[in-house]
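The structure appears below as structure tokens.
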Amino acid sequence: MMNNIQSILMVRPSSFRMNSETATNNYFQKHTNFTDKQVLEKACLEFDNLVNQLRSNGIPVNVFQDDLDHDTPDSVFPNNWISFHSNHRIAIYPMYANNRRLERNDKVLKFIESKGVIIDLINDYSDAENHNLFLEGTGSMVLDRVNKKSYCSISARTSENLIEEFCEEFDYMPIVFKSYQTIDNERKLIYHTNVMMCVANNYSIICLDSIDSESDKQIVLKSLRDDNKDVIEISESQLNSFAGNTIELVYENNSFLVMSSQAYKSLSLDQINKIEKFSKIIQSNVETIENCGGGSVRCMIAEVFN
């Protein structure tokens, strides 16, 4: 069974820059020598190029132009605050950084409804912020929507209590573990699950080296293999190039794997061949967004199901 999207939602940034509030535990963010104005210009160009690439492959993209009502440097990553589900249902999520909470915006909902997307039911978890509990959407949870499994790497942004609540309400089975990256010779928790793994219909791209616990690793592997997925393993250096931050989009039963040019360049020919058995690869350069935002192509896309 293929899980076809209706369209995707992307948010074109208005004040993109390195967000100091998220840099505390997002080790992918880097300082650059560009001014904020230059960073925004580069990010908008990268954003537009990615949208054009997607559209040229026939994928319907709904682009919401962020406004300057709030200072939202990370609004280009909408998948962290909203997810769309079948039966006209959406979820709204609690965010770790104060300034990211401003991204939750009724204007976006009205915009997506104006594109023919029906929203009947909203599960809003944002109140959990008052208890310092966070769950940043499909950054925190990599959803296998066909097999109804939610892969979740615990971090400051991903609360186990909220995973259980989401999984109960949306009828998913939680696969919970911890994943790490090496920063200054120390193992630090990876901030979002979707940078270390991607789950597609027929395969999974995953950095198993980031899961330090052998028992956790075996649980994740068994779950993927039980669903007959080819496991395409990536190294930690490929993870750092955002090779895990990729997304399969299935539209009209055609499978595309969308990734950044940096991610694509980090892959071996063997890995590319394994992916291309199932999906056409779409790649686009988003290096400014990756460096300043600490997220890549997957974070920029909210899949719309209706």
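In what order do 154, 219 fall by count of nearby beta-carbon atoms within 10 Å, going from fewest to most?
Working: 154 18, 219 15.
With the sparsest Cβ surroundings first, the list reads 219, 154.
Where in region 161-198 does the amide nitrogen come within less than 15 Å of the point 7 Å from the Cα of residue 237, taken along Cα to Cβ?
The answer is 182, whose backbone nitrogens lie closer than 15 Å to the label point.
Each residue of region 299-306 in order: what ³J(HN,Hα) in whole Hz does its phi give by Karplus 6.51 cos²θ - 1.76 cosθ + 1.60, θ = phi - 60°, with x for Gly and Pro?
Each residue's phi maps through the Karplus curve to give 5, 8, 10, 10, 6, 10, 10, 9 Hz.
Set the bar at 31 Å for Cα to Cα. Now go through 107/277; 178/265; 107/280; 115/148; 229/265; 37/280 and name every pair that lies beyond it. Kindly include the intermediate steps, with their values, before the conclusion.
On the way: 107/277 40 Å; 178/265 27 Å; 107/280 33 Å; 115/148 27 Å; 229/265 24 Å; 37/280 35 Å.
Over 31 Å apart, Cα to Cα: 107/277; 107/280; 37/280.
Is the shape of region 7-304 best called rounded, prolate or oblate, per the rule: a/c under 1.5 gives rounded, else a/b larger than b/c gives prolate, else oblate, with a ≥ b ≥ c the square roots of the Cα gyration tensor eigenvalues? Could the numbers behind the result be given before it?
Details: a/c = 1.18, a/b = 1.13, b/c = 1.04.
Because its axes are fairly even, with a/c under 1.5, region 7-304 counts as rounded.
Between residue 88 and residue 183, what length comes free when the chain is fully extended (0.36 nm per residue of separation minus the Cα-Cα distance, one decimal in nm)? Could you put the intermediate results ahead of the total?
Numbers: separation 95, 0.36 × 95 = 34.20 nm, distance 4.14 nm.
Taking 0.36 nm per residue and subtracting the Cα distance, the gain is 30.1 nm.
By average Cβ neighbour count within 10 Å, what is the ranking of 167-180, 75-88 from highest down?
Numbers: 167-180: 17.6, 75-88: 22.0.
Packing order, densest peptide first, comes out as 75-88, 167-180.
What residues qualify as long-range amide H neighbours of residue 247, i.e. H under 5 Å apart, gap of 5 or more or another chain, H built at 1.01 Å from N?
Answer set, sorted by chain and number: 258.
What ranking do 72, 246 get, fewest neighbouring Cβ atoms within 10 angstrom at the top?
Working: 72 24, 246 28.
By the 10 Å Cβ count, ascending, the order reads 72, 246.
Evaluate E = 1/(1 + (r/R0)^6) for residue 148 and residue 52, where r is the Cβ-Cβ distance and R0 equals 41 Å; express this FRET efficiency to the nearest 0.05. It would help to have the intermediate numbers written out before the result.
Working: r = 34 Å, r/R0 = 0.82.
Efficiency at R0 = 41 Å is approximately 0.75.
Quick one: which residues, 5 or more positions from residue 133 or on another chain, have an amide H under 5 Å from its amide H? H modelled 1.01 Å from N in the peptide plane, none for Pro or chain starts.
none
For a paramagnetic label modelled at 7 Å from the Cα of residue 226 toward its Cβ, which residues of region 161-198 fall within the zone defined by backbone nitrogen distances under 15 Å?
It comes to 172-177, nothing else.
Can you classify region 183-229 as rounded, prolate or oblate using the Cα gyration tensor, where a ≥ b ≥ c are the square roots of its eigenvalues, rounded means a/c under 1.5, and otherwise it's prolate if a/b beats b/c and oblate if not?
Working: a/c = 3.27, a/b = 1.71, b/c = 1.91.
It is oblate, given that a/c is not under 1.5 and a/b is not larger than b/c.
Taking θ = phi - 60°, what integer Hz values does the Karplus form 6.51 cos²θ - 1.76 cosθ + 1.60 yield along region 167-177, in sequence order, with x for Gly and Pro?
5, 5, 6, 9, 6, 10, 9, x, 10, 10, 7
Using the beta-carbon distance between residue 1 and residue 114 and R0 = 35 Å, what value does 1/(1 + (r/R0)^6) give for FRET efficiency, to the nearest 0.05? Kindly include the intermediate steps, with their values, before the conclusion.
Details: r = 30 Å, r/R0 = 0.86.
Efficiency, rounded to the nearest 0.05: 0.70.
Taking θ = phi - 60°, what integer Hz values does the Karplus form 6.51 cos²θ - 1.76 cosθ + 1.60 yield along region 50-67, in sequence order, with x for Gly and Pro?
Result, rounded to whole Hz: 5, 4, 4, 4, 5, 5, 5, 9, x, 7, x, 10, 9, 9, 9, 7, 4, 9.
Readers should treat all values here as calculations from the given coordinates under stated rules, not as data from a laboratory. On a predicted model such as this, the values are computed, not experimentally measured, just so you know. Here the Cβ is made from the backbone with ideal geometry for all residues, glycine too, and neighbour counts use every protein chain on show.
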